[in-house]
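Colleague: Here it is, the structure, as structure tokens.
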Amino acid sequence: MKIFNFSCPAGFVLTILFCVVLLPSLTLHSEAGTEAPSAETADPEAKKIHISAERLISNTADNHAEFIGNVRAKQRKTQIIADSLKIFFSGGSEAEPASPAQSLEKLVATGNVEIKFDNRLAVARQAVYITAQRMLILNGPGAMITSGDNTITGETITFYRDDGRFTVEGGSNGRVKAVILPEESGLE
């Protein structure tokens with residue numbers, strides 16, 4: 001088992017290991033592959049995810065890496081801020097562990113999580129992003145997604161990025177809350 005423990009100053013951009021790897025996690029285009037790539041997605045620079053943190057612990061035997069302390073991750077217009085960001089990737093075997101160039105399976109952001117994406121802001125204690133389903137799960141009391149003047153709050157919010165569908169659960173002691181600014185007259 002190889003474990004790498006790097007300490008780096010806050011604000012230092014870690015493009016090592018995960019520059020091109022994380023594309024499937026945060027991209028905003030169709031995964032079908034039938035469309036011609038746009039100029040933005042064809043550009044390798046646009047695909048890179050820049051991550052900065054105070055520390056990185058990588059465990060290639062278990063196919064994950066964790067960025068810890070004042071984490072900032074950005075790819076194009078998507079940005080994640082959290083206390084820690086754990087990245088799980090697939091591929092490899094015991095004999096030959098996966099490298100960061102393998103497919104990304106999921107991201108788990110924990111502690112003071114803020115995610116800016118698709119003109120939305122998500123806030124939670126924990127956020128899990130599953131790349132194959134393009135599904136974002138926000139957990140913790142007061143988990144919230146804001147889009148313009150519209151806000152939805154609950155204890156667990158599951159958001160499906162491909163079709164904009166979401167489910168919200170209030171939790172055992174909470175309720176789902178929504179603030180909606182209708183374009184038309186609304187309830188009156």
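The values are calculated or read from the model by the stated rules, or taken from the named source; none is laboratory data. Small disclaimer: the values here were computed from a predicted structure and weren't measured. Here the Cβ positions follow ideal geometry from the backbone for every residue, glycine too, while neighbour counts run over all protein chains shown.
Colleague: Quick check on my filter: what residues within segment 134-188 are of a type outside the set (Ser, Thr, Tyr), free of Cβ contacts under 8 Å to residues at least 24 places away in the same chain and part of a loop (DSSP other than H, G, I, E, B)?
Modeller: If the condition is that a residue be of a type outside the set (Ser, Thr, Tyr), free of Cβ contacts under 8 Å to residues at least 24 places away in the same chain and part of a loop (DSSP other than H, G, I, E, B), then 163, 164, 170, 173, 175, 182, 183, 184, 186, 187, 188 are the ones that fit.
Colleague: Within segment 161-183, does at least one residue satisfy the condition of being closer than 22 Å to residue 51 by Cβ and either surrounded by 15 or more Cβ atoms within 10 Å (Cβ to Cβ) or modelled with pLDDT under 95 (or both)?
Modeller: Yes, some residue in segment 161-183 is closer than 22 Å to residue 51 by Cβ and either surrounded by 15 or more Cβ atoms within 10 Å (Cβ to Cβ) or modelled with pLDDT under 95 (or both).
Colleague: Here's another thing I want to ask about it. Before we move on, is residue 137 at pLDDT 95 or above and closer than 22 Å to residue 66 by Cβ?
Modeller: Yes.
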